Structures are given as C-alpha cells and as structure tokens.
1. Farthest toward the dipole's positive end in region 40-156, which of 76, 105, 59, given Cβ charges of +1 (Lys, Arg) and -1 (Asp, Glu) about the Cα centre?
2. Using alpha-carbon positions, what is the distance between the centroids of region 80-152 and region 7-74, in Å?
3. Regarding the chain, what are the three Cα extents along the principal axes, ordered largest first, in Å?
4. Taking the full set of protein chains and a 1.4 angstrom probe, give the accessible area of residue 55 in square angstrom, rounded to the nearest 10.
5. Can you give me the % of accessible surface on region 1-129 that is carbon or sulfur? Probe 1.4 Å, all protein chains present, nothing else counted.
6. Are there any GluC sites (Glu not before Pro) in region 1-105 that are in a DSSP loop and have at most 16 other Cβ atoms within 10 Å? List them by number.
7. In what sequence, largest accessible area first, do 161, 17 appear using a 1.4 Å probe?
8. For the chain, with every protein chain kept in place, what is the accessible area per residue (1.4 Å probe, Å²)?
Amino acid sequence: MRSLRLILSGLVLTGTVFVLTALLVPQAQNPAAAAVTVFCSVWFVVALLNATSGINKGHPPRLEAGLAVLVFAAPTAAALALWSEGGLEIDSARTPWILTTGVALWAVILQLVAVRNSQGTVPNTQNMTVTVFLPLWLLLMLVNMLVGLRLGYTLTEELSVLSLNFGVPAAVAAIARACTRPRTAGRNTARFE
C-alpha cells in the first residue's frame with residue numbers, strides 16, 4: 001500500500017513539476033529539461049528514503065530494493081514521456097493553473113509526509129505538511145512574482161496576484177490542518193457559561 005501511495009504521489013508530482021516549470025521557466029531555457037532534472041532528483045531521494053525506511057523497519061532489503069525501483073520508475077517514466085513530448089506549454093490564464101498546482105503540491109506533500117510518518121498522528125502529519133508546504137509554496141510564488149515583473153507587470157499588480165496565488169493553497173492547507181486538530185471536551189462550553 002505504501003508503494004502504491006508513493007507511485008500515485010509521484011505521478012501527481014510529475015504533473016505539478018511540469019506545470020510549475022512551464023509557468024516559471026522561460027521557454028528559451030527549456031522548461032521540460034528543467035522539470036525532468038528537478039523531478040528525477042527529488043523523486044530518487046524519495047524512493048531511496050522509502051527503501052531505507054522499510055529496511056529499518058525490518059523488511060527484507062531485496063524487497064525494498066525492488067519496491068524502490070518501482071516507486072522511482074513509474075513516475076520517472078511519466079516525466080520522461082512528458083519530456084519527449086516537449087513538456088507543457090501553457091497559453092491560457094496562469095492563475096487557475098497555479099492555484100490547482102498549489103493544491104496538488106500540498107496534497108503530494110501530505111501523502112509523502114503521511115507515508116514517512118506512518119506511526120504518527122493525523123495532526124502531526126498535518127503540522128509537518130504545513131511546515132514543509134508553506135515556505136516552499138511562498139518561495140515558488142515569489143519566483144512567479146519575479147516572472148511577472150520581468151514580463152512588465154507592476155509591483156502592485158504582482159503583489160495582489162501573489163496574495164491570491166499564495167493565499168488559496170495556503171488556506172486549503174490551514175483548513176485541513178484545523179479540521180484535524182483534536183477537540184477538547186468542554187472547551188467550547190466554557191465560553192458560554
């Protein structure tokens with residue numbers, strides 16, 4: 001089950017990385033090659049950490065090595081297929097793509113943290129996800145703002161777009177985190193007494 005979750009997360013991450021590079025890397029710099037480089041590097045580390053974790057839990061090294069190959073190979077094949085097609089070219093409005101990609105990236109990080117933190121609680125998983133996702137997403141959206149400034153948009157325009165592009169996925173992460181916090185009995189009733 002762990003490997004299947006990782007493979008599915010890898011496939012979603014492949015699409016996410018390709019969309020982000022299509023949006024953030026100028027066409028002259030070959031965004032498809034950048035996407036493959038970033039994705040394969042990150043995904044190799046994920047597959048290696050997953051195998052190491054399995055071995056540390058007492059699983060046979062041969063089994064974990066075979067699973068690591070599967071976990072790495074399926075999403076990497078998808079990334080290479082997208083690369084061979086020339087990557088993605090996004091000609092339509094950027095904001096819906098960015099918002100969707102932000103939520104997808106949060107979901108991938110949530111799954112990766114959940115697999116890695118399999119013995120942890122749901123609130124701990126959500127906290128770790130938010131801790132990883134928010135700074136990463138802010139950095140990506142600052143790069144997006146710089147791209148907009150280079151395209152001739154004003155700082156005022158870009159700051160409003162930054163707040164939307166960062167805010168919506170961040171709100172999804174924050175709401176999911178708030179929904180998983182443990183409720184303490186009597187906390188709400190004390191307010192009304």
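1. 59
2. The two parts, judged by their Cα centres, are 14 Å apart.
3. Result, largest extent first: 60, 53, 19 Å.
4. The value for residue 55 is about 70 Å².
5. Working: 4520 of 6590 Å².
Here carbon and sulfur together make up 69 percent of the probe-accessible area.
6. Details: sites: 64, 85, 89; in loops: 85, 89.
Filter output for region 1-105: 85, 89.
7. Values: 161 50, 17 20 Å².
Sorted by accessible area, descending: 161, 17.
8. Dividing the accessible area of the chain by its residue count gives 57 Å².
The values are calculated or read from the model by the stated rules, or taken from the named source; none is laboratory data. None of the values given here were measured: they were computed from a predicted structure. Don't worry about glycine lacking a Cβ; one is built from the backbone with ideal geometry, like all the others, and counts go over all protein chains shown. We work out accessible area using only protein heavy atoms, side chains counted, and drop any ligands, DNA or RNA first. Shrake-Rupley method; radii C 1.70, N 1.55, O 1.52, S 1.80 Å.
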